[in-house]
Amino acid sequence: MLLDFATKKKDRFGAGETLLILATGPDGQAMPGLTPHAFYEFSKPSGKKDPFLAAAHVQAIGSDDEASG
């Protein structure tokens with residue numbers, strides 16, 4: 001699952017805001033068998049990186065939006 005947020009300062013996801021994702025099927029109903037365990041899967045990265053459960057790249061942070069992490 002990839003979440004890609006706006007990067008323009010006025011449109012960014014900000015402090016105090018929340019995100020709620022409702023996983024439903026094409027009919028709008030809950031997906032049978034979809035449980036939190038379905039998301040417990042390690043990545044299969046290429047190269048020398050270790051597998052991980054989740055990752056985030058946060059950009060434009062710091063007092064002058066010059067940092068990322």
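Tabulated data for the structure shown
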| item | result |
| --- | --- |
| Residue list for the range 15-35, filter: surrounded by fewer than 10 Cβ atoms within 10 Å (Cβ to Cβ), farther than 29 Å from residue 60 by Cα and at pLDDT 85 or above | 26, 27, 28, 29 |
| Residue that is surrounded by 10 or more Cβ atoms within 10 Å (Cβ to Cβ), at pLDDT below 85 and among the small types (Gly, Ala, Ser), where the choices are 60, 6 | 60 |
| Failed condition for residue 39, given (1) modelled with pLDDT of 80 or more; (2) among the aromatic types (Phe, Trp, Tyr); (3) under 20 Å from residue 68 (Cβ atoms); (4) out of contact with any helix residue (DSSP H, G or I) (no Cβ under 9 Å at 6 or more places or on another chain) | (3) |
| Number of positions in the range 24-50 that are aliphatic (A, V, I, L, M) and either in contact (Cβ under 8 Å) with a residue 12 or more places away in the chain or in contact with a strand residue (DSSP E or B) (Cβ under 8 Å, 6 or more places away or on another chain) (or both) | 2 |
| Of the criteria (1) touching a Ser or Thr at 6+ places or on another chain (Cβ under 6 Å); (2) surrounded by 10 or more Cβ atoms within 10 Å (Cβ to Cβ), which one residue 52 fails | (2) |
| Selection from the range 51-69 of residues that are under 15 Å from residue 1 (Cβ atoms) and either in contact (Cβ under 8 Å) with a residue 40 or more places away in the chain or among the charged types (D, E, K, R) (or both) | none |
| Positions within the range 36-49 being outside any loop (DSSP other than H, G, I, E, B) and surrounded by 10 or more Cβ atoms within 10 Å (Cβ to Cβ), in sequence order | 38, 39 |
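The values are calculated or read from the model by the stated rules, or taken from the named source; none is laboratory data. This structure is a prediction, so every number in the text was calculated from the model and none was measured. Please note: Cβ atoms are built from the backbone with ideal geometry, for glycine as well, and neighbour counts cover all protein chains shown.
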